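The block underneath contains the structure these notes are about, expressed in structure tokens.
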Amino acid sequence: MATKIQMPKLGLTMTEGTITEWVAAPGQVVTKGSVIMTIETDKVQEEVEADGDGILFHSAEAGDTLEPGEIAGWLLAEGESPPDGGELIVAASSQPEEVVSLQEPQEDHTPISHTETEDVEAAPPVTATAAVGRILSSPNARRVAAELGTDISTVAGSGPGGRITSEDVEASPPVTAPLVPPVLDEAKVEERRLVPFAARIAAERLGVAVAEVIGTGPEGRVSRQDIYNYARSTGSKKIPASSSPSQKVEGERIPIKGMRGIIAERMHSSLQEMAQLTLTMDVEMDRTIALREQLKDIGAEELGAVPGYTDFVIAAVAQALREHPGANSQVDGNDIVLLEQINIGMAVAVPDGLVVPVIHGTDFLGLPEIAQETTRLATAAREKKLSLAEMEGGTFSVTALGMFGVDAFTPVINPPNAGILGVGRIRDDVRWEGEQPVRVKRMMISLTWDHRVLDGAPAAEFAATIKNLLEQPLRLLG
């Protein structure tokens, strides 16, 4: 019986994922637990493993974006056809390093070498084929074969079970005769090429006949936006509000998709669903600067990590949330839920967007421990090595733009949190003591909060607590 391969749901906030690579080729026999594809969400990259044994069939292609639960492919039994009417196409050049047959091999194809006996004639070349007729070869061997123009099916394999290695390919003369391609249904192949999976799904949901849609992509390729535009023009069904019609404005176009698309959708949704307000407050940072200099003198070897200014802010926010539990809450239906844990998310800019890894149990960590954790998470975020657990469970967020010379800004709440704190630059300023001006260092914090949860006065008191802790930073060392 065919087994679905679905886009997994990685966390409560995931709305879609993109197939970045099919690790296993179509027609490959895979086993339970083996990695078959990699996917990317707005937060993480993950490997997807097979739920069982079977022959792999791709319903979606690399680059397609699917919602959680949508079918990316199937695992089929021997001789079984895909339930969605597709055709199982097996390309010999894209077979895995090792194929496990669904049937037991009837004989041992391992060639006999001259080193085993001098009296036995050299065995004829062995074609590395599994019981189901698939070529056993390493990925490097297939690459070398393609570079040399060698028909890999004619190469004698010297590896385990007759598997072809790159050395076998290099020792074999190239074959100039062209490979015979598999017999394909040209109409189906052309349709899959010109109508990608995401467009087919959109057409199915909106009741649109794909054949009636004129594609605007290269060579007439039909995009999901083409489907939406056609449905809108014919009044087929209600079109999602986010799919606004194109005005055909001239200029370079960057599709709003992937991480950028999900960020755009969430930020727009956040502003629509919450009553967000922002207040700003100046913080004198002279004592924090002096304390950080002392910690730098002690050094990272003894401390584990020297805290940065954002680490001081995160530590202050964690203590302030203890005193103001209303800021550490979220709306659930008609209820305001005061959250038991304090897990602060830290916004990290990455080349293609923004991610918010979470420092779990922030209020139980000392300042050096917070510094170690933020350094680790920021590095993992930029290298795209964050795990799902490191992205989930945030109860409040901190984001900083001071390093770009920004004094104050209006951060947008990361749902389902009820607040977020923006951190500006540390600047030179003046404090008056009587008639005497005194030079000081100041930093502006910007608190955005959900007015459904907190009124203005409690929000200002929460911000004032953060300010007081930063102006008396020894309290953050306790």
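Each value in this text was obtained by applying a stated rule to the coordinates, not by laboratory testing. On a predicted model such as this, the values are computed, not experimentally measured, just so you know. Cβ atoms come from the backbone with ideal geometry, glycine included; neighbour counts cover every protein chain shown.
Indicate the gyration tensor shape class of the range 274-477 (rounded, prolate or oblate), computed on the Cα atoms with a ≥ b ≥ c the square roots of the eigenvalues: a/c under 1.5 is rounded; otherwise a/b larger than b/c is prolate and the rest oblate. Don't jump to the answer; show the numbers that get you there.
Working: a/c = 1.64, a/b = 1.15, b/c = 1.43.
It is oblate, given that a/c is not under 1.5 and a/b is not larger than b/c.
Per residue, the average separation of C-alpha pairs within less than 8 Å and at least 6 apart gives the range 274-477 a relative contact order of 31 percent.
Among 452-459, 383-390, 20-27, the peptide with the highest mean count of other Cβ atoms within 10 Å heads the list, and the full ranking is 20-27, 452-459, 383-390. For a 28 Å ceiling on Cα separation, which of these pairs sit above it: 296/441; 385/467; 9/467? Result: 385/467; 9/467 exceed 28 Å.
Between the C-alpha center of the range 1-40 and that of the range 426-478 there is a gap of 48 Å.
Residue exposure proxy: 41, 150, ordered by other Cβ atoms within 10 angstrom of their Cβ from fewest to most, comes out as 150, 41.
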